[in-house]
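Read-outs: derived from the displayed coordinates by stated rules, not from any lab. All values reported here derive from a predicted model rather than from experimental measurement. A quick note on method: Cβ atoms are made from the backbone with ideal geometry, for glycine too, and the neighbour counts reach across all protein chains shown.
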Amino acid sequence: MKLLLQAQNLRSGYGEMEILHGVSMTLEEGEMVALIGPNGAGKSTLIKTMFGLLRPTEGRVLFRDTDITGFHPRDLVIMGLGYVPQTNNTFPTLTVLENLEMGAITRRISPIPLPWNRGSQKRTQARMTDAQIRKRATETIELFPNLQPKLREAAGSLSGGEQQMVALAKSMMLDPDVLLIDEPSAGLAPKLVDNVFSKIVEINKQGTGIVMVEQNAKKALAIAHRGYVLETGRNRFEGTGDWLLHNTDVGKLYLGGQG
């Protein structure tokens, strides 16, 4: 398998407060990787740093072997990284369809230079017209059939689970190679959690690599190919999802006593 995304010895945080103390992780093509650990372990800080929302003080982030450390999130979206934050991940006053169209807003500028070179040519992404964006929205919504009858409804009027689906759909508008998802089950009822997780599995099976931060560690590890356990901003355990799910030490410390 080929490496898609790497975090190498990242140190990062907020102002003078360092949260990550040399964290590393990798994501291979087609993989789903879960990031678990107690509150304050640095899980969300890690994906925010990989997505350029935070600048590391040490370490590197690589995407397809290209150093993207400190790149602006807009450039990373164009390059093929998507991000679904835990909160404020939709535009509540816009319709579902308008939310999806906003997911392609970076491609309405032409031409868009990509901030890395491959060979001797600097790559660009062609501008998408309004008609092309609408067509892409129609294609994307096919992944989310429960949203199709609600395209004209305001996103803020939907249930929590439906809003999470809108956020996922919006992030898929530019067909990312990697999707970084922060706490997709937060605040959702158990049945809705299952629906959201099923959709994430479906997205992954279609070829999108996924890094998912999740407090519901058992459910996350049950669907992930691999996982990392963070504690106080450091790597504590890593392994396949199944190994972590059934590891005695991981179970006692992080999974409510599960062995």
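For the range 195-203, in order, what is each residue's ³J(HN,Hα) by Karplus, 6.51 cos²θ - 1.76 cosθ + 1.60 with θ = phi - 60°, in whole Hz (x at glycine and Pro)?
Ordered by residue, 3J(HN,Hα) equals 5, 5, 5, 4, 5, 5, 4, 4, 4 Hz.
By average Cβ neighbour count within 10 Å, what is the ranking of 228-240, 143-155 from highest down? Spell out each step's value before the answer.
Values: 228-240: 18.4, 143-155: 15.2.
Ranking, from highest mean packing down: 228-240, 143-155.
Rounded to the nearest 5, what is the percent of antiparallel bridges among the DSSP beta bridges in the chain? It would help to have the intermediate numbers written out before the result.
Details: 27 of 44 bridges.
Beta bridges within the chain, antiparallel portion: roughly 60 percent.
Please compute the modelled spin-label separation between Arg11 and Glu153, points set 7 Å along Cα→Cβ, answer in nm with one decimal.
Here the answer is 5.0 nm between the modelled labels.
Sort 169-175, 5-11 for me by packing, meaning the mean count of neighbouring Cβ atoms within 10 Å per residue, highest on top. Intermediate results must be reported in sequence, preceding the final value.
On the way: 169-175: 22.0, 5-11: 20.0.
Per-residue Cβ counts within 10 Å, averaged per peptide and sorted highest first, yield 169-175, 5-11.
Tell me, what HN-Hα J-couplings in whole Hz come from the Karplus equation 6.51 cos²θ - 1.76 cosθ + 1.60 at θ = phi - 60° for each residue of the range 75-83, using x for Gly and Pro?
In residue order, the calculated couplings are 5, 5, 4, 5, 6, x, 9, x, 9 Hz.
Consider a paramagnetic label point 7 Å from the Cα of Arg234 along Cα→Cβ; state which residues of the range 18-43 have an amide N under 14 Å from it.
19-24, 41-42
With an 8 Å cut-off on Cα pairs and a minimum separation of 6 or more residues, tell me the relative contact order of the chain in percent. List each step's numbers first, then the result.
Details: 523 pairs, mean separation 67.8, N = 259.
It rounds to 26 percent for the chain.
Long-range amide H contacts for Glu58: which residues qualify at under 5 Å (H placed 1.01 Å from N, peptide plane, sequence gap of 5 or more or a different chain)?
Residues meeting the amide H criterion: Arg11.
Quick check: residue separation of Asp242 and Thr66 times 0.36 nm, minus the Cα distance between them. What number comes out in nm?
Numbers: separation 176, 0.36 × 176 = 63.36 nm, distance 3.06 nm.
Gain on extension, Asp242 to Thr66, equals 60.3 nm.
Compute the Rg/Rh shape ratio of the chain: radius of gyration over Kirkwood radius, all on alpha-carbon atoms. Please report the intermediate quantities before stating the final value.
Numbers: Rg = 18.2 Å, Rh = 18.8 Å.
Using only Cα positions, Rg/Rh for the chain is 0.97.
When the helices in the chain are scored as -39500 (n - 2.57) per DSSP H run of 4 or longer and the sum is shared across all residues, what 222 nm value do you end up with, to the nearest 500 deg cm²/dmol?
Details: 9 runs with 82 residues, N = 259.
After summing the helix terms and dividing by the residues of the chain, the value is -9000 deg cm²/dmol.
Pairs Lys43/Lys218; Lys205/Lys252; Lys43/Lys219; Lys170/Lys191: which are spaced more than 24 Å apart, C-alpha to C-alpha? Walk me through the numbers on the way to the answer.
On the way: Lys43/Lys218 16 Å; Lys205/Lys252 31 Å; Lys43/Lys219 16 Å; Lys170/Lys191 22 Å.
Check vs 24 Å cut-off fails for Lys205/Lys252.
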